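The structure under discussion appears below in the form of structure tokens.
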């Protein structure tokens, strides 16, 4: 369950889908107008907003460092969020734009079964040292450009005791709406940071006492269980579907390790492989 947190909101009824007050929720499926894009096609600046979709994800947004500045939803979802979103007449409170399902569908561009959205501006990103403060297990991604895989990695990380997720080169935006939704909001709670100098900044992990473990299907490398045995602080490196980790990233890591496979299967989905790594470390320690 999300950390307990509450936020005062003022209810504002929306009956006109063209109302400018709900523009931050508009056209969520539009390739060239989506409000969660930091940059739009043609190099135009985007809003780069963070959008929480559904009751549970909204609760986790309220509990996170991503401070919501507005909500849009149907009355039923507002009732389900009554312990999280406390209604008030204070005009300074965060607005909850209440609409019926048809008006909401016209605003967002499709019928939203989850019935509620929260929106927040992106705070300044964490630097790597801040994300690693107090951490003992982290995930490091290279070239993972599938939003659902990233969301799943965050969900697995939250459930299996991973303290932070770091992003090397070639990764998709972890704060895209689909990532946040698939992560069940944990992309807003698990610390994340970018490694701009890739793979050189892996040395910073070593400076913080981490053993970097590259997951690879190479049958010549040790099994994962052997690689993490008696290791206190681990950074698991995983790569994109298909190509996996680059040779440069594997050379920069301390250890290469593999998950035992059967029936001629050569690899697993990246989120699944990461989860096995997280679990193996928790089991062995």
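Every read-out reported here was derived from the displayed coordinates using simple, explicitly stated rules and does not represent laboratory data. Small disclaimer: the values here were computed from a predicted structure and weren't measured. Heads up, the Cβs are rebuilt from the backbone with ideal geometry, glycines too, and the neighbour counts pull from every protein chain shown.
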For the range 134-193, alpha-carbon Rg over 2.2 N^0.38 Å:
0.97
Hey, fewest Cβ within 10 Å first, where do 263, 155 land in order?
263, 155
Percentage, to the nearest whole number, of Cα pairs in the range 151-267 over 18 Å apart
55 percent
How many angstrom lie between the C-alpha centres of the range 252-273 and the range 180-226?
14 Å
Pairs of Cα atoms under 8 Å, at least six residues apart: use those to get the relative contact order of the range 7-120, whole percent.
42 percent
With a/c under 1.5 counting as rounded, go ahead and sort the range 1-154 into rounded, prolate or oblate using the C-alpha gyration tensor (a ≥ b ≥ c being the square roots of the eigenvalues; past the cut-off, prolate if a/b is larger than b/c, else oblate).
oblate
When the chain is modelled as a GNM with alpha-carbon springs shorter than 10 Å, which of 184, 104, 261 fluctuates the most?
261
Return the calculated 222 nm mean residue ellipticity for the chain, to the nearest 500 deg cm²/dmol, obtained by summing -39500 (n - 2.57) across DSSP H runs with n ≥ 4 and dividing by the residue count.
-7000 deg cm²/dmol
Please determine, in degrees from 0 to 90 and to the nearest 10, the orientation of helix 270-284 with respect to the longest principal axis defined by the Cα atoms of the chain, where the helix direction is its Cα long axis.
60 degrees
Modelling each spin label as a point 7 Å along the Cα-to-Cβ direction, I'd like the residue 18/residue 248 distance in nm, to one decimal.
5.1 nm
Of (1) 1.03; (2) 1.12; (3) 0.96, which is the value of Rg/Rh (Cα atoms, Kirkwood Rh) derived from the coordinates here?
(1)
One finds the C-alpha centres of the range 54-95 and the range 1-44 to be spaced, in Å, by 13 Å
R0 = 45 Å: FRET efficiency of residue 127 with residue 33, Cβ-based, nearest 0.05?
0.90
On Cα atoms only, tilt of 147-159 relative to the major axis of the chain in degrees
80 degrees
